[in-house]
Amino acid sequence: MISLKNKTILLTGASGGIGLATTRCLLKTGAKVVLHYNSASDNIELLRKEFGSNRCKTVQANLANPQEVNQLWQHAVDWQGSIDGIINNAAFESAITIDSPLEKWRTVWQTTLDINVIAVADLCRYAIAHYQQRSGGMIINLASRAAFKGDLPDMMHYAASKGAIVSLTRSVAKAYAKDNIFAFIIAPGWVNTNRIQAKLAKPGNEALLNEVPTGRPAPPEEVANIIAFLLSGLSNHATGATIDINGASYFH
């Protein structure tokens with residue numbers, strides 16, 4: 001049984017899907033968790049009531065705003081005095097095609113980069129500086145199968161942002177392993193969240209799961225289990241590695 005007792009973890013995008021499953025998993029393993037959300041907090045408020053306010057703290061922040069990213073980090077550190085691990089899970093997804101008006105195209109691309117790349121880089125920067133003053137720490141960044149395989153024409157910007165996360169995380173792992181700072185990439189494929197269920201249900205998308213040998217999306221709990229394992233410190237020499245969770249639909 002993995003134990004994260006006495007560990008304080010910051011999790012972005014905690015209110016649904018992978019984030020919500022990870023929240024429950026981390027709390028069950030004994031961690032104290034700072035739960036970030038942007039607009040929807042009902043689910044994590046229920047968990048806060050279940051596990052108690054001494055085990056989890058909620059913080060609202062718009063990750064497209066650098067000042068709010070900074071405030072999120074400060075609130076997280078101030079709660080227990082330190083952070084042992086950060087999970088950059090929050091992401092922005094909004095379909096856009098090359099046929100869209102140029103202004104809209106650029107707006108979606110910019111927002112995607114602000115949230116999916118710049119905010120993650122800022123939080124990694126804060127975490128690295130914090131860990132260097134302590135005995136090290138963990139960084140887990142959620143990328144995507146799309147970072148390696150590419151994505152549909154209306155999600156090229158999302159794939160590009162996740163490719164940046166792969167390069168960022170590998171660079172962090174390589175540069176700061178000497179400081180006992182360990183960084184990992186998790187690259188999910190289709191995951192059984194409400195958003196993916198809605199996407200798969202759209203007319204014309206019936207064949208999307210045909211590329212997945214398991215024939216079904218991964219349960220978000222499986223992603224959460226991998227996150228908990230990596231945070232445990234049981235395999236620190238895997239730093240820099242990418243963990244694929246895609247039902248054997250892609251290998252790299």
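Just a yes or no: is a residue in the stretch 215-235 part of a loop (DSSP other than H, G, I, E, B), acidic (D, E) and either within 21 Å of N89 (Cβ to Cβ) or modelled with pLDDT under 90 (or both)? Lay out the reasoning, then the answer.
At the first step, the residues of the stretch 215-235 found to be part of a loop (DSSP other than H, G, I, E, B) are 215-217, 219, 232-235.
The next check asks that each one be acidic (D, E); those that pass are none.
No, the stretch 215-235 contains no residue that is part of a loop (DSSP other than H, G, I, E, B), acidic (D, E) and either within 21 Å of N89 (Cβ to Cβ) or modelled with pLDDT under 90 (or both).
Small (G, A, S), in contact with a helix residue (DSSP H, G or I) (Cβ under 6 Å, 6 or more places away or on another chain) and surrounded by fewer than 23 Cβ atoms within 10 Å (Cβ to Cβ), is that true of A14? Even if it seems obvious, please write down each step before you answer.
Numbers: small (G, A, S): yes; in contact with a helix residue (DSSP H, G or I) (Cβ under 6 Å, 6 or more places away or on another chain): yes; surrounded by fewer than 23 Cβ atoms within 10 Å (Cβ to Cβ): no.
Answer is no for this residue.
Any residue in the stretch 32-46 that is open to solvent by 50 Å² or more (accessible area, probe 1.4 Å), in contact with a strand residue (DSSP E or B) (Cβ under 7 Å, 6 or more places away or on another chain) and among the charged types (D, E, K, R)?
Yes - at least one qualifying residue is present in the stretch 32-46.
Restricting to the stretch 148-197, name every residue that is small (G, A, S), within 17 Å of the chain's Cα centre (by Cα) and open to solvent by 30 Å² or more (accessible area, probe 1.4 Å).
Step one: list which residues in the stretch 148-197 are small (G, A, S), which gives 150, 159-161, 163-164, 167, 171, 173, 175, 177, 183, 187, 189.
So of that shortlist, the ones also within 17 Å of the chain's Cα centre (by Cα) come out as 159-161, 163-164, 167, 173, 183, 187, 189.
Within the stretch 148-197, A160, A164, S167 meet the criteria.
What are the residues in the stretch 163-180 that are under 22 Å from S144 (Cα atoms) and touching a residue at least 24 places away in the same chain (Cβ under 8 Å), if any? Before you say what the answer is, go through the steps one by one.
Of the residues in the stretch 163-180, the ones under 22 Å from S144 (Cα atoms) are 163-174.
A164, I165, V166, L168, T169, R170, V172, A173, K174, listed by residue number.
Out of I87, I96, report the one residue that is modelled with pLDDT of 95 or more and in contact with a Phe, Trp or Tyr (Cβ under 6 Å, 6 or more places away or on another chain). Outline the logic, then answer.
Working: I87 fails: in contact with a Phe, Trp or Tyr (Cβ under 6 Å, 6 or more places away or on another chain).
The conditions single out I96.
Quick one: what pairs do we get from the stretch 67-91, first residue at negative phi, second basic (K, R), C-beta under 7 Å, 6+ apart or different chains?
Every condition considered, the pairs that remain are W79/K57; Q80/K32; S82/R134; D84/K7; G85/K7.
Being farther than 26 Å from W190 by Cβ and open to solvent by less than 10 Å² (accessible area, probe 1.4 Å) narrows it down to one of A121, A127, A143, so name that one.
On the way: A121 fails: open to solvent by less than 10 Å² (accessible area, probe 1.4 Å); A143 fails: farther than 26 Å from W190 by Cβ.
None of the others qualify; the one that does is A127.
The values are calculated or read from the model by the stated rules, or taken from the named source; none is laboratory data. Being a predicted model, the structure only gives us computed values, none of them experimental. All Cβ positions, even for glycine, are placed from backbone atoms using ideal geometry, and neighbour counts span all protein chains on display. For accessibility, only protein heavy atoms count, side chains too; no ligands or nucleic acids. Shrake-Rupley method; radii C 1.70, N 1.55, O 1.52, S 1.80 Å.
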